[in-house]
Structures are given as structure tokens and as C-alpha cells.
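I have placed the structure first, in the form of C-alpha cells, so that the comments after it can refer back to it.
The values are calculated or read from the model by the stated rules, or taken from the named source; none is laboratory data. Fair warning: this is a prediction, and the values are worked out from it, not measured in the lab. Glycine gets a Cβ as well: all are built from the backbone with ideal geometry, and neighbour counts include every protein chain shown.
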Amino acid sequence: MIVLKNAEEIERMRVSALMVSKTLGMLAAEIKPGVTPLRLDKLAEAFIRDHGGIPGFLGMYDFPNTLCTSINEQVVHGIPNDKPLEEGDIISIDCGVLYDEYYGDHAYTFPVGAIDPAVKKLLDTTKASLYEGIAAMKRGNRVGDIGYAIQRYCEAEGYGVVRELVGHGLGKQLHEDPQVPNYGKRGSGKLLQDGMVLAIEPMINLGTHRVRQLSDGWSIITGDKKASAHFEHDVALVEGRPVVLSTFDYIYDALGLPKHDPIFV
Ligand code: MG
Ligand code: MG
């Protein structure tokens, strides 16, 4: 069942989404060689609680931490550990917050120091594909149009689009209907409607689209051990157009990067 949100609920969801955005912005300044994912996890948990939120992933389906930290060939659902980050790594950080009854859910893949140009291109392309997907979230389109846009953009670069994990509706539950695959056929799936709030989250691999799960029961890694990237925004459909509730601007501020993402209002 798809739960549509009214304007007041969407504004409450924006607050939750921005709390995750600020958390990732805080972490952006901490990501460097030598830092451990577990340290980042503790910082995130303290930050969220200091702002009156509840870590959304902690305990969800028995997940043990505040962050999912997925390094290099890990796609998503990596469990924070005490292995220090190294120059040239990438780390995908996915974070959820529960605040005022609503979830925010937001992810970004960070380079650790200088990285391989081919991996940098994967990150840039995956992030750009997120905005391709967001642009397809508009009146008259269907859920499949979002996945189609992401898949077409990424496969044009020869990348693998992960099939087994998908985006989702978001609200009082972390995972609501509909599922939002990062692949799809034009004009397929549920019709998009005003009041839908979707977590759109391309997971894109440098090589094969195939993935497998590690024996920890959580971490998903690429089938060929090549790098994978993950970016996620929370997006509401308002008057037929996508409104992005989360923002990477806090990350860009922390890293001294220009704010150049498309704005949908
Ligand atoms: Mg997420
Ligand atoms: Mg999500």
C-alpha cells in the first residue's frame, strides 16, 4: 500500500531528511586516511541524538549500527568496523534518522584522499544518474520511468546496475511501497502521484551488475570485486514535480566543493 503524504507531512519529512543531510555533512569533514568506519558511526550516532533524532538503522532488522559503511567493492549494508580507511578507498555511507515520526534516508559515496580516475568517474556518474532518476519522477510518469532513466544513463558508461537492491517509498516506515528499482522499462509500474515520497538510490558497479552477500549476513559486495557507488535522496512529488527533501550541500560545504546539483522546485 502506498501512503501519500500531505503538505504538512512532507515538511516534517524534510526536517528528517535534512537531519541526515547534516549528519553526512558533519562526517564529510572527518573522512580521511586513518579514520575507522566505527569512529564515523559513533560520531553520527552522537550527532543525531544531540539533534533530538533517533538513529533509523540501529536495531532495524537487527542491524547493529547507526551507519551502513560500504568500502570499495562493498555495495551497501556494510557494517562499521575498526579497520582504518586508506588513501584511494571509497566509502559509501548510508544513514537513516527517525525524527518526529518520520524517517530520513540518505547516502553518499566519499573518496578517501586521491582515488583512481576511473573510480572517480563511477562516483560522478552514479550521482548524476540519481538526478536523472529524480527528473523522471514527474506527473504522468510511472515508477519504471525512474529506473529506466538511471539504467540508461549508467549502462551507457558500461557500468553494472544492481538489481537485487532497490529504492523505496519513505515515511513513518523506513521502507514503504512502492519499490523503486534502478532499472526498468519506460511506462511500467505504478503511476506516480502527488504526495508520494520516494528514496531514490542508484547502486552502480564499475563492472558486473552481479552482487553477493558476505557471511556477516549484511554486506553486499560486487561479483568481480570492482568498486561500487551509492547515492540516495529523499524526493517528494508535489504538484507534479520532484522536490528533493535531502541535500548534499552540507557535504559540499565541508569539502569546499561548489554546489552544482540540479534544483527541482
Ligand atoms: Mg539509505
Ligand atoms: Mg533507502
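Structural remarks
- Annotation for the stretch 247-259: at least one member residue is within 16 Å of ligand 1 (Cβ to nearest atom), surrounded by 17 or more Cβ atoms within 10 Å (Cβ to Cβ) and assigned to a loop (DSSP other than H, G, I, E, B).
- In the stretch 75-98, of all residues being more than 16 Å from ligand 2 (Cβ to nearest atom) and in a strand (DSSP E or B), the one that is nearest to Gly167 (Cα to Cα) corresponds to Ile91.
- Residues satisfying the stated conditions in the stretch 40-74, i.e. touching a residue at least 40 places away in the same chain (Cβ under 8 Å) and part of a helix (DSSP H, G or I): Leu40, Ala44, Ile48, Met60
- Qualifying residue in the stretch 101-113 (condition: assigned to a loop (DSSP other than H, G, I, E, B) and touching a helix residue (DSSP H, G or I) at 6+ places or on another chain (Cβ under 6 Å)): no
- Check on Lys5, within 21 Å of Ile91 (Cα to Cα), assigned to a loop (DSSP other than H, G, I, E, B), among the basic types (Lys, Arg) and in contact (Cβ under 8 Å) with a residue 60 or more places away in the chain: no
- Selection from the stretch 125-179 of residues that are within 15 Å of ligand 1 (Cβ to nearest atom), part of a loop (DSSP other than H, G, I, E, B) and small (Gly, Ala, Ser): Gly171
- Just one residue in the set Glu155, Glu164 is under 22 Å from Ile221 (Cβ atoms), among the acidic types (Asp, Glu), more than 11 Å from ligand 2 (Cβ to nearest atom) and without any contact (Cβ under 8 Å) to a residue 24 or more places away in the chain; that residue is Glu155.
- Exactly one residue out of Tyr148, Tyr159 is at pLDDT 95 or above and over 18 Å from Ser92 (Cβ atoms), and it is Tyr148.
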